[in-house]
Amino acid sequence: MKPSQPTRRHFLQSSAASAAALVATPYIARGQGDQSPVKVGLVGCGGRGSGAAAQALNADNGAILWSMGDAFEGQLNRSLKRFQDGPKGENGQVNVADDRRFVGLDAFQKVIDSGVDVVLLATPPGFRPQHLRAAVEAGKHVFCEKPMAVDAPGVRSVMESAQMAKAKGTCLVAGFCWRYSTSRRAAFERVLGGDIGDLRAYHATYYTGPVKPMNPESSRPAGLGDVEWQVQNWYNFGWLSGDSLVEQAVHSVDKVSWAMGDRPPLAAVANGGRTRDNHKGNIFDHFSVMYEYPNGVLGAVSSRQIPNCFNENADYIVGSNGRCVINGGRVALENSRGNEMWRFRSRGDNNMYQEEHDTLFAAIRKGETVNDGDWMATSTMLAILGRMAAYTGQRITWDDALQSSTDLAPDTLQFNDAFDPGGVPQPGVTKFS
């Protein structure tokens, strides 16, 4: 966890540049009833990015997919063809001209500069702080996938970008999808409203199989640069994904933060490790984190990405007078005797991914502002704190973690560069900085 130079985060800028960015006006500020086109730019054309673009087009009949950018041309072309051949292409919502298709690590800036109103950020999260800062400075409305960063300098940059968006009056919607689920909103409203008494503990599980297995080194083409190879296998490198806790189980971490009123914890202690070589990479495949909150309240997150094991994605929230259980289709409150007091009826649930974009585009049309910046940064940092505690084997406070100087990679990397991201961390050996 040794800091790398030069810093990858540009959150410290000259006062003149910051002032100019704050007074810039949004590119789009529409009033209710205005049905003029809303041009959408997609940055990151993989499965999640393509899904986000589809949901954006579904959210507003006036939304047009205007430009696309990706590190890899093949991925961009495959995504675009699916849109062109689908119903959105047929009804005129896809208009990505040849000169608005951008490839490479600088594609994000070209999308932002292509005349779009809304930018969808869905690349590997290691790039997110830089992309978010550029989009907000340009006065764009933003949908920002989770997590928002992979290290503390990145989170601090995201926090500044979120404040800048507030000052500009542009929208910033986070990809923490459970916050937009009707069933989870109903349950957390009751938990936060005291229906199970004072919160005592939260245990979240995120047990699943490997998400994106590493390609074997033998499949690496001769002459392919380290950076390009790592981006192709981004999930398996901490500087790109943040590790499995930060990239995937962050959904569970986010729900813990939600239940705690999005107040930071005091500290975290954690375990974690790696059971298989998995063709290299440098991430863990299991974590167990205990977050310490004031008044003895505890939040635990257990995650695992190992095949042939018990799988579960559940939440057990314990209060002084009962508990809330969220497990699969069951979203319920039980009293202290174990009797069910309330249950969400599944037929009333929504498509939470679609709701994110419905909320974003409705706000744009009404000339209103929605900004998830504060809590999305807190949830991201909470996951990073847990990873730090697991990597080092130490108890780490929130304040120390947030001020960490560890920057996982330079901002200036190019595909052909040689880059050693470091080996697998070793608790008790890896140092916090």
message: Starting from a Cα-only point model with no solvent, please compute log10 I(q)/I(0) by Debye for region 367-433 at q = 0.12, 0.13, 0.14, 0.23 1/Å.
response: -0.46, -0.53, -0.59, -1.04
statement: Checked region 281-407 against the a/c 1.5 cut and the a/b vs b/c comparison, axes a ≥ b ≥ c from its Cα gyration tensor; verdict oblate
- prompt: In the chain, which whole DSSP H runs stretch at least 27 Å along their own axis (Cα) and average -0.5 or higher on the Kyte-Doolittle scale?
  reply: 373-392
task: Report the equivalent ellipsoid semi-axes for region 64-171 in whole Å, largest first, defined as the square roots of five times the eigenvalues of the gyration tensor built from alpha carbon atoms.
output: 26, 16, 11
query: Roughly speaking, what is the centre-to-centre gap between region 213-242 and region 246-290 when only Cα atoms are used, to the nearest Å?
result: 22 Å
- prompt: Kirkwood hydrodynamic radius of region 32-97 from all distinct Cα pairs, in Å?
  reply: 11.8 Å
message: Which one, Thr397, Ala332, Gly348, projects farthest toward the positive side of the charge dipole computed for region 322-433 from Cβ point charges (K/R +1, D/E -1)?
response: Ala332
- request: Rank-order 42-54, 205-217 by packing density, defined as the average count of other C-beta atoms within 10 Å over each peptide's residues, highest first.
  value: 42-54, 205-217
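Based on DSSP, what percent of beta bridges with both residues in the chain are antiparallel, to the nearest 5?
55 percent
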field: Mean Cα-pair separation over length for region 205-343, i.e. relative contact order, pairs under 8 Å, 6 or more apart, %
entry: 26 percent
- prompt: Separation of region 356-433 and region 111-127 by C-alpha centroid, Å?
  reply: 18 Å
query: Which whole-Hz ³J(HN,Hα) couplings does region 86-96 yield from phi under the Karplus relation 6.51 cos²θ - 1.76 cosθ + 1.60, θ = phi - 60°, glycine and proline marked x?
result: x, x, 5, x, 5, 8, x, 8, 10, 9, 9
- prompt: Percentage of Cα-Cα pair distances in region 254-314 greater than 18 Å, rounded to whole percent?
  reply: 47 percent
- line: Most packed first (mean Cβ within 10 Å per residue), the peptides 274-282, 383-391 order as 383-391, 274-282
- prompt: Ordered by packing density, taken as the mean number of other Cβ atoms within 10 Å over each peptide's residues, highest first, how do 329-337, 177-185, 144-152 rank?
  reply: 144-152, 177-185, 329-337
- request: Quick one: which residues, 5 or more positions from Ile396 or on another chain, have an amide H under 5 Å from its amide H? H modelled 1.01 Å from N in the peptide plane, none for Pro or chain starts.
  value: Ala268
- prompt: Size of the dipole of region 255-375 about the Cα centre, Lys and Arg at +1 and Asp and Glu at -1 on the beta carbon, nothing else charged, in debye to 20?
  reply: 340 debye
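A short reminder: the numbers here are calculations on the coordinates, not readings from a lab. This one's a predicted model, so the numbers in the text were calculated from it and none came from an experiment. Backbone-built Cβ (ideal geometry, glycine too); neighbour counts: all protein chains shown.
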